[in-house]
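Peer 1: This is the structure I have questions about; it appears just below.
The values are calculated or read from the model by the stated rules, or taken from the named source; none is laboratory data. Quick caveat, the model's predicted, so the values are computed rather than measured. Using ideal geometry, Cβ is built from the backbone for each residue, glycine included, and neighbour counts are taken over all protein chains shown. Please note that ligands, DNA and RNA were not included when accessible areas were found on the heavy atoms of the full protein model with its side chains. Shrake-Rupley method; radii C 1.70, N 1.55, O 1.52, S 1.80 Å.
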Amino acid sequence: MEALDVLAVVAHPDDAELICGGALLKSRARGERTGILDLTRGEMGSQGTAELRAQEAQAAGEVLGLDARRNAALPDARLRNTQEARETVAGILRELRPRIVITHWIEGRHPDHRAAAELAYDSSFLSGLKNYPAQGDPFRPMKVIHALSFREEPTKPTFVVDITDQMEKKLDAIAAYGSQFGGAVQAGEVFPGGGRALVDQVRAHAARVGSMIRVEYGEAFWTRETVEAPTLGSLSVSTF
Ligand SMILES: [Zn+2]
């Protein structure tokens, strides 16, 4: 298949919609090819079954207009950055050939999220090694970025994507996970805001992130490497 521009590599079906659904929608709207790799089927979740979550992931993927959605079927709630898992993920990266990989923040209350962040990073590097024993031809993504959405650490985002025009659709994609979020006040790394509905909590968070770049809604990301500015004259976001 044709190479992807952007691939989210996340622990559970629904994680990508929460942490970077708006950015994926925006990429899609700009003609970039997008995909999601769910590392597990979420079979250990308290609500819903693996089958139901797969149907919901499919429906959410249609809202996002993804070019590819894969599931690595690694063990939920026991996700580890093992040699075997790295070979599985590297094989999928070699097939989808994403230029950019988005994954979780390096900390997280769910151990799978921490493991996924490491696994995505290591697999991205290893899949480029000529003699690495994964399926497919060697391929290395150009860049790995970590979504900062919903994190409490004082880590400053490297950049924020304006998702103002994508916010409602992002919420539609999240709503596709009825088994997980029907009546929910928290999900993934989204802590509850008293009894406030999840949808309002997600909206409030995106509004706070958006204000960092002076727009209505945003999603925050972090990279190890510095981001380039084309010229000083083209810089955006007012100091005042
Ligand atoms: Zn998750």
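Peer 1: With respect to the numbered conditions (1) modelled with pLDDT under 95; (2) touching a strand residue (DSSP E or B) at 6+ places or on another chain (Cβ under 8 Å), which one is the sole condition not fulfilled by Val199?
Peer 2: So Val199 meets the others, but not (2).
Peer 1: Okay, moving on. It is to be established whether one or more residues within region 106-118 are farther than 23 Å from Phe221 by Cα, in contact with a Lys or Arg (Cβ under 6 Å, 6 or more places away or on another chain), in a loop (DSSP other than H, G, I, E, B) and within 13 Å of the ligand (Cβ to nearest atom).
Peer 2: No: zero hits.
Peer 1: Same structure, new question: Whether any residue in region 29-41 is in contact (Cβ under 8 Å) with a residue 40 or more places away in the chain and over 25 Å from Ala220 (Cα atoms) is what I want to check.
Peer 2: no
Peer 1: Glu17 - would you say it is buried (at least 24 other Cβ atoms within 10 Å of the Cβ) and either at pLDDT below 95 or among the acidic types (Asp, Glu) (or both)?
Peer 2: For Glu17, the condition - buried (at least 24 other Cβ atoms within 10 Å of the Cβ) and either at pLDDT below 95 or among the acidic types (Asp, Glu) (or both) - is met.
Peer 1: Let me ask something else about it. Name the pairs: first residue in region 209-238 and loosely packed, with under 11 Cβ neighbours inside 10 Å and modelled with pLDDT of 95 or more, second residue basic (Lys, Arg) and not in a loop (DSSP other than H, G, I, E, B), Cβ to Cβ under 9 Å, at least 6 apart or on different chains?
Peer 2: If the second residue must be basic (Lys, Arg) and not in a loop (DSSP other than H, G, I, E, B), the pairs left are Glu225/Lys143.
Peer 1: Only one of (1) in contact (Cβ under 8 Å) with a residue 60 or more places away in the chain; (2) open to solvent by less than 60 Å² (accessible area, probe 1.4 Å); (3) within 16 Å of the ligand (Cβ to nearest atom) is not met by Pro98, so which one is it?
Peer 2: Only one criterion in (1) in contact (Cβ under 8 Å) with a residue 60 or more places away in the chain; (2) open to solvent by less than 60 Å² (accessible area, probe 1.4 Å); (3) within 16 Å of the ligand (Cβ to nearest atom) is unmet by Pro98, namely (3).
Peer 1: In addition: Based on this model, can you work out whether Asp76 counts as over 20 Å from Phe150 (Cα atoms), open to solvent by less than 10 Å² (accessible area, probe 1.4 Å), within 16 Å of the ligand (Cβ to nearest atom) and among the acidic types (Asp, Glu)?
Peer 2: Yes; evaluated as a whole, the condition is true for this residue.
Peer 1: Within region 26-49, take every residue that is open to solvent by less than 20 Å² (accessible area, probe 1.4 Å) and aliphatic (A, V, I, L, M) and give me the one that is farthest from the chain's Cα centre (by Cα).
Peer 2: Of everything passing the filter in region 26-49, Leu39 is farthest from the chain's Cα centre (by Cα).
Peer 1: Separate question: Can you find a residue in region 145-165 that is outside any loop (DSSP other than H, G, I, E, B), among the aromatic types (Phe, Trp, Tyr) and within 14 Å of the chain's Cα centre (by Cα)?
Peer 2: No, every residue in region 145-165 fails to be outside any loop (DSSP other than H, G, I, E, B), among the aromatic types (Phe, Trp, Tyr) and within 14 Å of the chain's Cα centre (by Cα).
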